[in-house]
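One structure is given below, encoded as structure tokens.
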Amino acid sequence: MPTPSFQKDRLLTACIVILSVAGILYFGIRAVMDQMHTDRKNPYEYDLGVFEQGAADAATYSQVQSIPVRAEKLTGLTRGGDGFLYVSGDENISKFDNNGNLVETFPIGGTAYCLALDAQNRIYLGMGDHVEVYDEKGSLIAQWESLGPDAIITSIAVADSIVYLADAGQLLVWKFTTSGSLLGTIGKKNRTKGIPGYVIPSPYFDVAVGVDGTLWAANTGRHSLENYTHTGGLKSSWGEYGTAIDEFCGCCNPSHFAILEDGGFVTSEKGIPRVKIYDRQGQFVAVVAAPSQFRVGTVGLDLVVDAAGRIYVLDPVQKGVRVFSKIEATQEGAE
């Protein structure tokens, strides 16, 4: 039978062990909590420093002009064959000359989320589920039928007598004549024809016509640009997901793109807002605007280019159009 002294020793030892374990747990938890308070960094948050450094090293463009637009919500940007710049915002279309001076503004009775002009300067507006056509004076010419309750027209491209409509709601591109007659659709998933189908996680789905007259579309969920033949076959594609400067990151990029005179591409991204240039084979060339040049949360960086190679960027947060030009060209002009 254990003696009273032995029982006391066992009790004391047990108390010491319990207190030691409690102390370890307390200070361990305290250390973790202190670390959490001193470093609240979100493990899923982008490290902007990586993007900033890469963009700064590759930047060969600078901003040469800023065109303010009086609108609370800027939604679309295009350039007409007449050389004027057209901006959709609120329930109006604003027209600017080459110097950035406001020429006129006319109401459209609703929000146009995208717009494009044809060779006759007729203005095609994406009004959610349908298209409205205006003349250059701001008079309504035609209103096309709705594409359905799920339609979300996010981009319009016009080539000769063809109008392409990107529909982010129904995940396809509609092909119409300029008079509004439906010719067919492009991009619907078809394994037999090797068409992967559009993956569009957010309402940013852009289209443009290449220098050869064929359709290019941004498959944002696949982080690629796809080129289609006139008959709707997939001709080629390029683009990679990643965090490197030549790749596209986030859930769905590039959000917008435009095609240069030489067949190259200008792209913009959301999440980490930046504007870049690629050659006609999809090889990275340069940074036009780095993330540090935009406010946090900027989206909707619609793009157009002119024959001189200037790049026009719609900035809905800073309420205007920002014009960028090659640094070399800017310096030569100043000399």
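The values are calculated or read from the model by the stated rules, or taken from the named source; none is laboratory data. If you're wondering where the values come from, they're calculated on a predicted model, not measured in any experiment. Counting neighbours? That spans all protein chains shown, and the Cβs are built from the backbone with ideal geometry, glycine included.
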Out of everything in the stretch 224-254 that is surrounded by fewer than 19 Cβ atoms within 10 Å (Cβ to Cβ) and of a type in the set (S, T, N, Q), what residue ends up being nearest to the chain's Cα centre (by Cα)?
Thr243
With respect to Val321, is the statement that it is aliphatic (A, V, I, L, M) and without any contact (Cβ under 8 Å) to a residue 40 or more places away in the chain true?
no
Are any residues in the stretch 262-296 surrounded by 21 or more Cβ atoms within 10 Å (Cβ to Cβ), closer than 19 Å to Ser237 by Cβ and among the small types (Gly, Ala, Ser), and if so, which ones?
Ser268
Within the stretch 121-136, is even one residue part of a loop (DSSP other than H, G, I, E, B), in the same structural domain as Ser202 (by TED's automatic domain parsing), out of contact with any Cys (no Cβ under 8 Å at 6 or more places or on another chain) and touching a residue at least 60 places away in the same chain (Cβ under 8 Å)?
no
Consider the stretch 196-242. How many of its residues are assigned to a loop (DSSP other than H, G, I, E, B), among the hydroxyl-bearing types (Ser, Thr, Tyr) and touching a Pro at 6+ places or on another chain (Cβ under 9 Å)?
1
If we scan the stretch 101-118, do we find a residue that is over 26 Å from Ala307 (Cβ atoms), in contact with a Ser or Thr (Cβ under 7 Å, 6 or more places away or on another chain) and surrounded by 13 or more Cβ atoms within 10 Å (Cβ to Cβ)?
yes
Within the stretch 129-162, can you find the residues that are surrounded by fewer than 17 Cβ atoms within 10 Å (Cβ to Cβ) and either on the phi > 0 side of the Ramachandran plot or hydrophobic (A, V, I, L, M, F, W, C) (or both)?
Gly138, Leu140, Ile141, Ala142, Gly148, Asp160
Looking at the stretch 192-202, can you tell me whether even one residue there is crowded, with 17+ Cβ neighbours inside 10 Å and over 22 Å from the mean Cα position of the chain (by Cα)?
yes
For Phe257, work out the one condition from (1) closer than 30 Å to Thr185 by Cβ; (2) more than 15 Å from the chain's Cα centre (by Cα); (3) not in a loop (DSSP other than H, G, I, E, B) it doesn't fulfil.
(2)
Just need a number here: residues in the stretch 218-265 that are of a type in the set (Lys, Arg) and in contact (Cβ under 8 Å) with a residue 24 or more places away in the chain.
1
Only one of (1) in contact (Cβ under 8 Å) with a residue 12 or more places away in the chain; (2) within 26 Å of Trp174 (Cβ to Cβ) does not apply to Ile277, and that is (2)
Test Val275 against the criterion of being in the same structural domain as Pro68 (by TED's automatic domain parsing), aliphatic (A, V, I, L, M) and in a strand (DSSP E or B), and give yes or no.
yes
In the stretch 83-100, anything out of contact with any Lys or Arg (no Cβ under 9 Å at 6 or more places or on another chain), small (Gly, Ala, Ser) and surrounded by 13 or more Cβ atoms within 10 Å (Cβ to Cβ) is listed as Ser88, Gly100
Return the total of residues in the stretch 163-191 being exposed (fewer than 14 other Cβ atoms within 10 Å of the Cβ), polar (S, T, N, Q) and part of a loop (DSSP other than H, G, I, E, B).
2
Checking the structure you have, find out if any residue of the stretch 109-116 is in the same structural domain as Pro316 (by TED's automatic domain parsing) and at pLDDT below 95.
yes
Only one of these conditions is not met by Ser146: (1) touching a strand residue (DSSP E or B) at 6+ places or on another chain (Cβ under 9 Å); (2) of a type in the set (Gly, Ala, Ser); (3) farther than 15 Å from Gly80 by Cα; (4) not in a strand (DSSP E or B). Which number is it?
(1)
